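Quick notes on the structure that follows.
The values are calculated or read from the model by the stated rules, or taken from the named source; none is laboratory data. Fair warning: this is a prediction, and the values are worked out from it, not measured in the lab. Ideal geometry is used to build each Cβ from the backbone, glycine not excepted, and the neighbour counts take in all protein chains shown. Areas reflect the complete protein model, heavy atoms only, side chains present, ligands, DNA and RNA absent. Shrake-Rupley method; radii C 1.70, N 1.55, O 1.52, S 1.80 Å.
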Amino acid sequence: MRKLQKAVAIGLCGAMLLGLAACGSSDSSGSSSGSSSATNGTESASATDSTSGSGGTRTIKIGTWYDHYYDSTNTDIHDDPSVSDEELAQEHFDIVKEVEDKYNVKIEFVNLTYSGIQESINTSILAGTPDCDIYEVDMSFGIPAALNGFAINLRDILPDDSDIFNDQMVFSQCDIGLTDDSVYLFQSNSAEMLLTNTYMLAYNKQMLDDAGLEDPNILYENGEWTWDKWREYLLALTQDTDGDGVTDVYGYGSRWDFLVYNLLMSNGTGIAMSPTENLSSPEVAEVLDYIYNMYNVDHVANPWNSDDFDYNQNCYMNGEVAFWIDAAWISSANDDGNLGFDVVWCPWPIGPSGNQETNALKNVSSGNAWMIPTGVEDPELVYNIFYDWQNWYHGDTDLRDGDLTWWEDCAITEENYEVMEYLGSRGGFDLWNSLGLDWDWSALLFGDMTAAQFAESYKQNVQDALDTFYQ
């Protein structure tokens, strides 16, 4: 059985760093030409003569921040120490030689480290001689790189019938907050990509059953799972179970960043969705008020623990809260399937300004993506080589997505998996937590600021950061 290769968790970073380039230059002494056409769901390109005008072999360098497999330097599938499915690994291994023979190139991944890749982007591309032909970027620094002219617009180099502008079988387009149809950043498409970065509202089924509360999933299907209804549940589930006058079970407990992301989307809004800040909007005010009231008026949220960040994420494990925010990686780390109670996932309740049919359910402004840097020799050929390398499954998406065992195990139940898949199908763009700002959300959680004061304190900071992004 094919086993899923778990994605490496990447933290968000602020502005791009300056420094020395860390990746060796690719051989670009000659010229090359390429053509692209759609055939049976795949694209192909052919190099006339060779990719180097001198008859040599061009090395396509791909700058990353962690080890990738496989490339021309690998001689065996076990060069990847994490191999668990040899059949699947062989497919990935074989595509390298196939592509290299087709285009007379070598493919090489260069691990620049997280800071080093930013240094390389910010120096070599600016100098007009990019170190690498393709870069893997975190959206937090990839977006400003694209907006400031460091990435090629794929619309300018690829035919209109290219897969990325249509079915997006191999690569999907990344929304970076622009209103035109330009495509600067792109991601490898797969069922796994759909599920990545989904954050479900989770609950302890036994607690809801004991309180006689209806399944939130049924309420959602009926259009009745709203913020008001969730507030009723949170109030009912917050209890002093031993009668000592101290609350020992709260309706909700989790991380503030996950809460902010999802309440914004559930209310059909965001803080930084465009070049103009939206923190001061009435819709965001509703989100901030709701959070403030959870912690300081209704007291239905487990008090924020500033000394132990992980505790806030994991307090559900001991039955201290009824609702929390879960994800596949959290479920895996905490072994949710063996906690002694049933973990159920559901969509987020709909806010007063939200719309169940149109709300985003997954923030797509985080995570990793690819970009072709400005100044690369023959960028269309580079894209087509990379496309064919990524299309190791030759258009057979059943092969590509044939085993999602890890995700299924994390979800525990088929119903939970369907909720995760549903959230992943509805992406939305909001940069608020990728702006490099020093947010003090504890001021809102502890009641040191009202929602209005919080918005007033940060709105100019958000606008200034957006001005830097979109300058």
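Below are the figures for this structure:
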{"quantity": "Contact order normalised by residue count of the range 105-259, Cα under 8 Å, 6+ apart, percent", "calculated": "11 percent"}
{"quantity": "DSSP-defined beta bridges in the chain - what % are antiparallel, rounded to 5", "calculated": "60 percent"}
{"quantity": "Counting all C-alpha pairs of the range 112-221, share separated by more than 22 Å (%)", "calculated": "52 percent"}
{"quantity": "Peptides ranked, highest mean first, by Cβ atoms within 10 Å: ranges 270-276, 448-454", "calculated": "270-276, 448-454"}
{"quantity": "Rounded to whole Hz, the Karplus (6.51, -1.76, 1.60) HN-Hα couplings of the range 140-148, x for glycine and proline", "calculated": "5, 10, x, 5, x, 4, 5, 5, 9"}
{"quantity": "√(5λ) per eigenvalue of the Cα gyration tensor, the chain, largest first, Å", "calculated": "44, 25, 19"}
{"quantity": "Relative packing of peptides 314-320, 375-381 - highest average C-beta neighbours within 10 Å first", "calculated": "375-381, 314-320"}
{"quantity": "Histogram of C-alpha separations across the range 205-359, 10 Å bin width, %", "calculated": "10, 38, 37, 13, 2, 0"}
{"quantity": "For the range 226-297, average projected area of the Cα convex hull in nm²", "calculated": "5.4 nm²"}
{"quantity": "Fraction of accessible area attributable to carbon and sulfur, the chain (%, probe 1.4 Å)", "calculated": "45 percent"}
{"quantity": "Formal net charge of residues neighbouring ARG426 (Cβ-Cβ distance under 14 Å; K, R +1; D, E -1)", "calculated": "-4"}
{"quantity": "The range 231-275, relative contact order [Cα under 8 Å, separation at least 6], %", "calculated": "24 percent"}
{"quantity": "Against the rule of thumb 2.2 N^0.38 Å, how large the Cα Rg of the range 319-421 comes out", "calculated": "1.52"}
{"quantity": "Residue-averaged 222 nm ellipticity for the chain, from DSSP H runs of 4+ at -39500 (n - 2.57), nearest 500", "calculated": "-9500 deg cm²/dmol"}
{"quantity": "Lys pairs, the chain - Cα-Cα below 24 angstrom, 8 or more residues apart or on other chains", "calculated": "11"}
{"quantity": "Average accessible area per residue (Å²) across the range 64-113 - probe 1.4 Å, nucleic acids and ligands excluded", "calculated": "51 Å²"}
{"quantity": "Dimensions in Å of the range 369-425 - Rg and Dmax from alpha carbons", "calculated": "17.0, 49"}
{"quantity": "Relative contact order [Cα under 8 Å, 6+ residues apart], the chain, whole percent", "calculated": "24 percent"}
